[in-house]
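Take a look at the structure below.
The values are calculated or read from the model by the stated rules, or taken from the named source; none is laboratory data. Model, not experiment: these values are computed from the prediction. Glycine gets a Cβ as well: all are built from the backbone with ideal geometry, and neighbour counts include every protein chain shown.
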There are 2 protein chains.
Amino acid sequence: MPLTERIETAIANALSLAQGGQAPSRLAAAIEYATLPGGARIRPTILFSVAAACGDDKPDLANAAAAALELMHCASLVHDDLPCFDDADIRRGKASVHRAFSEPLAVLTGDSLIILAFETLARTAEIDETRAARMILSLTRRTGMPNGICAGQGWESEPHIDLGAYHRSKTAALFVAATELGAISAGHDPEPWYDLGALIGEAFQVADDLRDALMDTSVLGKPAGQDDLHGRPNAVAQLGVKGAFERLSDILAGAIASIPSCPGEAALAEIVRLKAQSIMPKVPARNRA
Amino acid sequence: MPLTERIETAIANALSLAQGGQAPSRLAAAIEYATLPGGARIRPTILFSVAAACGDDKPDLANAAAAALELMHCASLVHDDLPCFDDADIRRGKASVHRAFSEPLAVLTGDSLIILAFETLARTAEIDETRAARMILSLTRRTGMPNGICAGQGWESEPHIDLGAYHRSKTAALFVAATELGAISAGHDPEPWYDLGALIGEAFQVADDLRDALMDTSVLGKPAGQDDLHGRPNAVAQLGVKGAFERLSDILAGAIASIPSCPGEAALAEIVRLKAQSIMPKVPARNRA
């Protein structure tokens, strides 16, 4: 099965758990709207790549983990778009959930997706209780307090931001979850996979900062210039455009170097190399000065 | 250890997982504010009572379950109080979380508490993997879509409300979680315990409707008359005050009759009887007409 199809099938299977004869129909529709069609599905792609590198001996565990991780990512987007945070009208080229449905339904969509992520993982206990529990624990650590994406978003409400903690939790945490869950799903220890996730996350953060600073809303599919507007810390403000591009290359080289020794090591390095090219913002060289 | 102390210790232990050197301090404070000091802790009380009736052979499982359930209840209160839902200024006699902190921190507090509930349960896999997984699955079903408290809140955004589904998911679901988790934590099947949870939940709903209709804000510790104000379905509007009191007595009798045969059956019946007296709204008899 091609990777894209594997990801979408896993997500569709997870979403079906939240539907049902008695589900309130508008919330059910909002949950689908928030997850389908998706973005680049980059976190599940990384998760499956790590699972494959580790042998992927119980693929249904990786399937559930990939779906849970993407649902959690979608939940964070829905809540981050709310009027009290980014107040974003568009997301992935269409109206944000609170604009298309309502603010109450957007709050509930995020809540429901968080819970659905854990339900999806909990059901894998039928296949492997030990791995299921470890996957759930990893996902809670990378999403909640004190170090997950909730903490990352929480830093934006602090009078003084710890920049390191902010970036590690706001963006890197879900990439760490991707590499950890990929490893656990295939029966490997998650610890050696931490650095790869953290570095990929850091690369995405810098790439995102560059796009936010250099591109316009029509290309991004979401409002541009948000970091500047909200006074958020940003690699471009810190290092300049040229410096941010250099930093991005360094981080990606470090990510490839961090891949633990495993059967699929070379193939995974190649995937990270390809992904690195695809996330490099496509801007004219004259704008990189 | 007295029950109240057991409950508060379990909640404090769970909360400590969300704290830590790098936690953003305002979100950490908001999470504590939302959970301490608590309300009546009625759901953990029921959970422990059922666990005791089933033998409570691994008390740390019941402790984690009670904490997770109460955190989830607190999360639902924080989100329900948001301006886009009830827009409540006070809760448990003090400012609601979004009024005391901010709306972004209230959204994140709810999200963090949901995740913390699952982390608390996932950590019990060290003691018993099978029960841990079953407890997580039960909690997801009673909180998410299509039948949990998210669904219940979602019904308020529907043009036509399925009243049965609304009440089962909005209020009864967390009481079902209380009886199910109590049974699972002690190694018993949850199914025979469904009715007790559902009936206690229904009783609380009717009692809450009566209080909302009959009492004033200073006694309630939260705004009164909210159901009328928001046009929400309500047992008093449906049956009148006298009819609602009669219905409440019938439901509580049914709850006691539903208790499955178990070592602690008689003791549990007595606890439900006492709780029933305590939830009966204290209004002058002349107002019951």
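A residue that is assigned to a helix (DSSP H, G or I), at pLDDT 95 or above and of a type in the set (Ser, Thr, Tyr) can be found somewhere in the stretch B:76-84.
Of all the listed residues (A:178, A:203, A:173), the sole one being at pLDDT below 95, crowded, with 21+ Cβ neighbours inside 10 Å and out of contact with any Pro (no Cβ under 6 Å at 6 or more places or on another chain) is A:203. Scan the stretch B:98-107 for residues that are facing chain A (nearest Cβ under 8 Å) and within 20 Å of the chain's Cα centre (by Cα) and the total you get is 1. Of these, B:168, B:232, B:211, B:141, which one is among the charged types (D, E, K, R) and at pLDDT 95 or above? Answer to the check: B:141.
Select from the stretch B:1-17 the residues that are within 14 Å of chain A (Cβ to nearest Cβ) and in contact (Cβ under 8 Å) with a residue 60 or more places away in the chain and write down the one among them that is nearest to residue B:36 (Cα to Cα).
So in the stretch B:1-17, the residues within 14 Å of chain A (Cβ to nearest Cβ) come out as B:14-17.
The next check asks that each one be in contact (Cβ under 8 Å) with a residue 60 or more places away in the chain; those that pass are B:14-15, B:17.
Numbers: B:14: 12, B:15: 10, B:17: 15 Å.
Out of the qualifying residues, it is B:15.
Output the number of residues of the stretch A:77-107 satisfying the condition of being of a type in the set (S, T, N, Q) and surrounded by fewer than 22 Cβ atoms within 10 Å (Cβ to Cβ). Counting residues in the stretch A:77-107 that are of a type in the set (S, T, N, Q) and surrounded by fewer than 22 Cβ atoms within 10 Å (Cβ to Cβ) gives 1.
Residues that are more than 14 Å from the chain's Cα centre (by Cα), more than 30 Å from residue A:142 (Cβ to Cβ), facing chain A (nearest Cβ under 8 Å) and not in a helix (DSSP H, G or I): does the stretch B:161-171 have at least one? Break it down stepwise before answering.
In the first step, residues of the stretch B:161-171 are kept if they are more than 14 Å from the chain's Cα centre (by Cα); the result is B:161-166.
Now narrow it down to the ones that are more than 30 Å from residue A:142 (Cβ to Cβ): B:161-166.
Within this subset, residues satisfying the condition of being facing chain A (nearest Cβ under 8 Å) are B:162, B:165.
Subset that is not in a helix (DSSP H, G or I): B:162.
Yes, the stretch B:161-171 contains at least one residue that is more than 14 Å from the chain's Cα centre (by Cα), more than 30 Å from residue A:142 (Cβ to Cβ), facing chain A (nearest Cβ under 8 Å) and not in a helix (DSSP H, G or I).
Just one of (1) within 26 Å of residue A:84 (Cβ to Cβ); (2) under 20 Å from the mean Cα position of the chain (by Cα); (3) at pLDDT 95 or above fails for residue B:121. It is (1). Taking the criterion of being assigned to a loop (DSSP other than H, G, I, E, B), more than 7 Å from every other protein chain (Cβ to nearest Cβ) and of a type in the set (A, V, I, L, M, F, W, C), the residues of the stretch A:18-50 that qualify are A:36, A:40.
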